[in-house]
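Novice: First the structure, which I've put down as structure tokens, then a few questions once you've had a look.
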Amino acid sequence: MWQSDKVTAQGASDDRTVPAVLPSASAFLLRPSRTRLWWEIAIVLALSVGRSAVYSVLSLVQALTREQALGDQSTSLNPGANAQQFWDVLYQFVAQFFALAPIALAIYLLWEPGVSAFRRIGLDFRAFGRNVGGGVLLVAVIGIPGLGLYVAGRALGITVQVDASPLDPSWWTVPLLLLAAVRAGLTEEVIFIGYLFDRLRRLGWGTWAIILSTAALRGAYHAYQGWGPLAGNIAMGIVFGWVYHRWGRVMPLVIAHTLIDVVAFVGYPLAAAWWPTLFS
């Protein structure tokens, strides 16, 4: 029920009653902007039927390249190895693109009128030099002990062996791996840290309850690798959660996570190729 607030003018003997906020005006103020609506539509489609539609169109285009020539031509246009390779790479790039949709959804949900979600969680380029320095420091704190945990886990037989696939000499191999590393860093740090910290705070959770719960979720996310990486990722989640609580910025965490994955995705296969006896 909409009510009115009484406002009495100073020095006047009568009360002037003015309406607080009309329902129509309130509805207008609460209505999302056109930009926000377009972002909402794009994210929902990227997570659902839109993604399927893109893959369907790509599949159709690929099928058309396999059709026999029209008219009096009898030459088959079935793609050779190079064409098939092109489609494989294209599908990988498209898959990486759609894997960014959950990140976009989390940022969209964190966005409020007049408040940038990027600034709220510190996913911007302010103080970028310090962010890079903090990220490198976190790599030293997390990456080196994490490698030790992997080696110890392998020695104890409680960690799955990570087989390094040799790097393909094609030009797109490293860009795809770098893109995958950036995507992994954004996914985990924006969702585990930026999004969940905000939402769990609003539910009244304490700082350490949030840090420990999100760290446990991070560990469960990597449980397929065995006990060693599971414990390592829980430790990483605790450190990252504490750092975010202190610094209030996701960017250093994204940089650190991306660098760790770049070493894992690119550096590890290179090391395995150069020193095979150490990784057998």
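Novice: Starting at the first residue of region 105-116, write each ³J(HN,Hα) from the Karplus equation 6.51 cos²θ - 1.76 cosθ + 1.60 with θ = phi - 60°, in whole Hz, x for Gly and Pro.
Specialist: 5, 4, 5, 4, 5, 7, 6, 10, x, x, 10, 6
Novice: Another question, if that's okay. With a/c under 1.5 counting as rounded, go ahead and sort region 178-236 into rounded, prolate or oblate using the C-alpha gyration tensor (a ≥ b ≥ c being the square roots of the eigenvalues; past the cut-off, prolate if a/b is larger than b/c, else oblate).
Specialist: Cα axes put region 178-236 in the oblate bin.
Novice: So, one more: Within 12 Å, Cβ to Cβ, of Gly134, how many net charges do the neighbouring residues add up to if Lys/Arg are +1 and Asp/Glu are -1? Write down the numbers at each step before the final one.
Specialist: Working: positive: Arg130, Arg246, Arg249; negative: none.
Once all neighbours under 12 Å are counted, the net charge is +3.
Novice: Let me ask something else. Rounded to the nearest 20 Debye, what is the dipole magnitude of region 164-264 about its Cα centre when Lys and Arg each give +1 and Asp and Glu each give -1 at the C-beta?
Specialist: In total the dipole reaches around 420 debye.
Novice: Check Gly226: other-chain or 5+ apart residues with amide H under 5 Å from its amide H, H built from backbone geometry?
Specialist: Answer set, sorted by chain and number: Val160.
Novice: Now for a different question. Starting from the Cα of Arg201, step 7 Å along the direction of its Cβ; do the same at Val132; then give the gap between the two resulting points in nm.
Specialist: Computed distance between label sites Arg201 and Val132 equals 2.8 nm.
Novice: Trp205: net charge of surrounding residues, Cβ under 14 Å, Lys/Arg +1, Asp/Glu -1, itself excluded?
Specialist: Charge balance in the 14 Å sphere: +2.
Novice: Here is a follow-up. Suppose the chain between Ala95 and Ser116 were pulled fully straight at 0.36 nm per residue; how much longer would it get relative to their current alpha carbon spacing?
Specialist: So the chain would gain 4.8 nm between Ala95 and Ser116.
Novice: Points 7 angstrom from Cα along the Cβ direction at Trp242 and Trp38: gap in nanometres?
Specialist: 4.5
Novice: A follow-up question, please. Could you tally the net charge around Ile234, taking each other residue with its Cβ under 14 Å from the Cβ of Ile234, Lys/Arg +1 and Asp/Glu -1?
Specialist: So the surrounding residues net to 0.
Novice: Just the accessible area per residue of region 93-144, please: how many Å² with a 1.4 Å probe?
Specialist: I get 53 Å² per residue for this part.
The values are calculated or read from the model by the stated rules, or taken from the named source; none is laboratory data. Remember, it's a predicted structure, so these values are computed and weren't measured experimentally. Cβ sites come from the backbone with ideal geometry, for glycine too, and all protein chains shown count toward neighbours. We work out accessible area using only protein heavy atoms, side chains counted, and drop any ligands, DNA or RNA first. Shrake-Rupley method; radii C 1.70, N 1.55, O 1.52, S 1.80 Å.
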